[in-house]
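A.B. asks: Take this structure, written in structure tokens, and hold onto it; I'll ask about it next.
The values are calculated or read from the model by the stated rules, or taken from the named source; none is laboratory data. This structure is a prediction, so every number in the text was calculated from the model and none was measured. Using ideal geometry, Cβ is built from the backbone for each residue, glycine included, and neighbour counts are taken over all protein chains shown. Protein only, heavy atoms only, side chains kept; ligands, DNA and RNA dropped before computing areas. Shrake-Rupley method; radii C 1.70, N 1.55, O 1.52, S 1.80 Å.
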Amino acid sequence: MIAVLERIGRSGKGLGLVLALCLLPVWAVQADSGKSFTLGVVPQFEQRKVFSIWKPIADELSRRTGLDIRLAVTLTVPEFEAGLEKGNFDFVYANPYHILRSSDVQGYIPLVRDREPLRGILVVRRDSPVQKVEDLAGRTLAVPSPNALGASLLLQADLNRLFNTTMNVVNVQTHSSVYLNVLNGLTDAGGGVEKTLSEQEAGIRGGLRVLYTTRAMPSHPVAAHPRIPAEVRERLRKAILEMAATPAGKALWEEVPMRAPVTTSLDDFLVMRKWGLETYWVPARK
């Protein structure tokens with residue numbers, strides 16, 4: 001079992017600093033004989049924002065289920081992917097292609113996803129002279145991770161196959177960084193998804209223009225490792241759906257954003273195996 005920690009880099013220094021911040025009520029720990037369950041979250045935003053969004057959710061799910069659910073926040077997406085491939089997390093919030101790739105090895109079982117689909121977007125500065133995708137050939141594309149589904153994998157596939165266009169990909173670690181890089185003129189364009197763009201401040205959204213939107217795909221699921229007993233999986237699924245049905249719980253899930261959680265299964269994501277995204281996947285470093 002991995003330690004459940006928040007790792008925070010301060011002023012660009014001490015990226016290895018680890019703080020244990022996930023203390024839960026004593027009764028919650030006792031409810032399942034001292035066993036804790038990790039909840040790994042793909043870092044779409046910078047560390048502090050991920051933690052501020054997901055720590056209240058983990059605490060509320062612990063309260064509702066009687067399980068000791070502890071948040072595991074990794075520093076980078078590749079670090080998250082490496083943990084996922086090793087099965088380090090009991091529960092995860094990950095992009096659908098992460099789940100598909102792990103299905104033959106770890107077999108993570110999707111429990112819930114947002115009813116609203118996921119769409120990748122290609123953004124440029126609002127005042128950019130670029131008017132069509134082909135104008136970006138050979139220019140720089142910021143992505144939150146090479147393996148981000150809508151923001152990189154499907155976007156690159158569409159650029160190549162639909163527009164015969166290839167760009168120079170720059171990994172800037174988070175969706176928020178993508179939008180800031182484009183806004184500040186550090187890259188010519190950026191890959192993101194509609195949901196994360198909607199979470200940005202009005203000034204950032206207003207300074208960007210969506211040049212292209214990908215096809216829709218099922219949204220990021222919360223999934224469970226198959227080692228987790230079925231009864232525990234169902235307890236968590238039920239708690240998420242019931243939590244989202246309350247005003248306070250709905251507000252917490254909207255920050256993810258997962259505005260309308262619904263039950264899901266691996267079947268919802270199998271169509272993506274036909275999209276040829278493996279060509280663009282970057283393996284995690286060993």
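A.B. asks: Answer with yes or no whether A216 is within 22 Å of the chain's Cα centre (by Cα), surrounded by fewer than 16 Cβ atoms within 10 Å (Cβ to Cβ) and of a type in the set (A, V, I, L, M, F, W, C).
C.D. replies: yes
A.B. asks: Further question on the same structure: Can you pull out every residue in the stretch 116-127 that is over 16 Å from the mean Cα position of the chain (by Cα) and in a loop (DSSP other than H, G, I, E, B)?
C.D. replies: R126, D127
A.B. asks: Return the total of residues in the stretch 79-100 being over 16 Å from L149 (Cβ atoms) and crowded, with 24+ Cβ neighbours inside 10 Å.
C.D. replies: 3
A.B. asks: Would a scan of the stretch 244-258 turn up a residue that is touching a Lys or Arg at 6+ places or on another chain (Cβ under 9 Å), without any contact (Cβ under 8 Å) to a residue 40 or more places away in the chain and not aromatic (F, W, Y)?
C.D. replies: Yes - at least one qualifying residue is present in the stretch 244-258.
A.B. asks: Considering only the stretch 204-222, I want to know if a residue exists there that is in a helix (DSSP H, G or I), farther than 24 Å from L84 by Cβ and among the aliphatic types (A, V, I, L, M).
C.D. replies: For the stretch 204-222, residues in a helix (DSSP H, G or I), farther than 24 Å from L84 by Cβ and among the aliphatic types (A, V, I, L, M): present.
A.B. asks: Related question: Would you please name the residue that is surrounded by the fewest Cβ atoms within 10 Å (Cβ to Cβ), looking only at residues in the stretch 223-243 that are touching a residue at least 12 places away in the same chain (Cβ under 8 Å) and part of a loop (DSSP other than H, G, I, E, B)?
C.D. replies: R227
A.B. asks: Only one of these conditions is not met by S152: (1) surrounded by fewer than 24 Cβ atoms within 10 Å (Cβ to Cβ); (2) among the polar types (S, T, N, Q); (3) at pLDDT 95 or above; (4) not in a loop (DSSP other than H, G, I, E, B). Which number is it?
C.D. replies: All conditions are met except number (1).
A.B. asks: If you don't mind, another one. Take residues that are closer than 20 Å to G249 by Cα and modelled with pLDDT of 95 or more and tell me which of the helices (runs of 4 or more DSSP H) falling wholly in the stretch 1-110 contain 2 or more.
C.D. replies: 47-65
A.B. asks: Please determine whether any residue of the stretch 128-141 is touching a Pro at 6+ places or on another chain (Cβ under 9 Å) and free of Cβ contacts under 8 Å to residues at least 60 places away in the same chain.
C.D. replies: Checked against the condition, which is being touching a Pro at 6+ places or on another chain (Cβ under 9 Å) and free of Cβ contacts under 8 Å to residues at least 60 places away in the same chain, the stretch 128-141 yields at least one hit.
A.B. asks: Picking from V169, V178, which residue would you name as being at pLDDT 95 or above, open to solvent by less than 40 Å² (accessible area, probe 1.4 Å) and β-branched (V, I, T)?
C.D. replies: V178
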